[in-house]
1. With angles folded into 0 to 90 degrees, how steeply does helix 5-23 sit against the dominant principal axis of the chain? Use alpha carbons for both and round to 10.
2. Give me 125, 118 sorted ascending by neighbouring Cβ count inside 10 Å, so fewest comes first.
3. Is the range 56-125 rounded, prolate or oblate when judged by the Cα gyration tensor, a ≥ b ≥ c being the square roots of its eigenvalues, rounded requiring a/c under 1.5 and prolate requiring a/b larger than b/c?
4. For residue 99 and residue 68, compute 0.36 nm times the residue count separating them, minus their Cα-Cα distance, and round to one decimal in nm.
5. Taking amide H positions as placed in the peptide plane 1.01 Å from N, state which residues far from residue 89 in sequence (5 or more) or on other chains have amide H under 5 Å from it.
6. If you take all C-alpha pairs in the chain, what percent of them are over 25 Å apart?
7. Could you tally the net charge around residue 78, taking each other residue with its Cβ under 13 Å from the Cβ of residue 78, Lys/Arg +1 and Asp/Glu -1?
8. Per-residue ellipticity at 222 nm for the chain, helices alone: DSSP H runs ≥ 4 residues times -39500 (n - 2.57), over residue total, nearest 500 deg cm²/dmol?
Amino acid sequence: MPQSLTDRINAIEECYEFMLAYAAQGLPADAGTPSGGQLREFLRRAAEALTGIAEACSSAIPQAFLAVLARDAMAALAAIELVRAQPALSSQLIDNLNASIHVRALLTDLFLIDEVLKGRSAAAK
């Protein structure tokens, strides 16, 4: 289902924030915990948001940076899919995903794009 760039960024940021809280719980696994089911849903939504994210903002961002975004999104998506495939999601596993340079690079890309778009919007007013 097509999402706006803002919706995609929000889904990814919400997932990251939930992962931070989940990692702090010290859980050995997600089975049987309400937050475990929520975590898997946040990860699913983030993965969906990452698929095609560079194309979703192609009209607003220069091609050179879109290539960076596409690469970082692909790497972060691979890490998320690796974690999603695990039968048990421990807090330590999620903490490692949070710390992944791939996820952090993607978040930094999104923060940068968001600020660029806000600046353009403010300048147009």
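No value in this document is a laboratory result; all are computed from the given coordinates. Since this is a predicted model, take the numbers as computed values, not measurements. Neighbour counts run over all protein chains shown; Cβ positions are idealised from the backbone, glycine included.
1. 30
2. On the way: 125 4, 118 10.
By the 10 Å Cβ count, ascending: 125, 118.
3. Values: a/c = 3.39, a/b = 2.33, b/c = 1.46.
In terms of gyration-tensor shape, prolate.
4. Numbers: separation 31, 0.36 × 31 = 11.16 nm, distance 1.94 nm.
Length gained between residue 99 and residue 68: 9.2 nm.
5. For residue 89, whose amide H was placed from the backbone, the distant partners under 5 Å are 30, 31.
6. Values: 2045 of 7750 pairs.
Result: 26 percent of Cα pairs exceed 25 Å.
7. On the way: positive: 71, 84; negative: 72, 81.
Combined, the nearby Lys, Arg, Asp and Glu give 0.
8. Working: 6 runs with 95 residues, N = 125.
That comes out to -25000 deg cm²/dmol.
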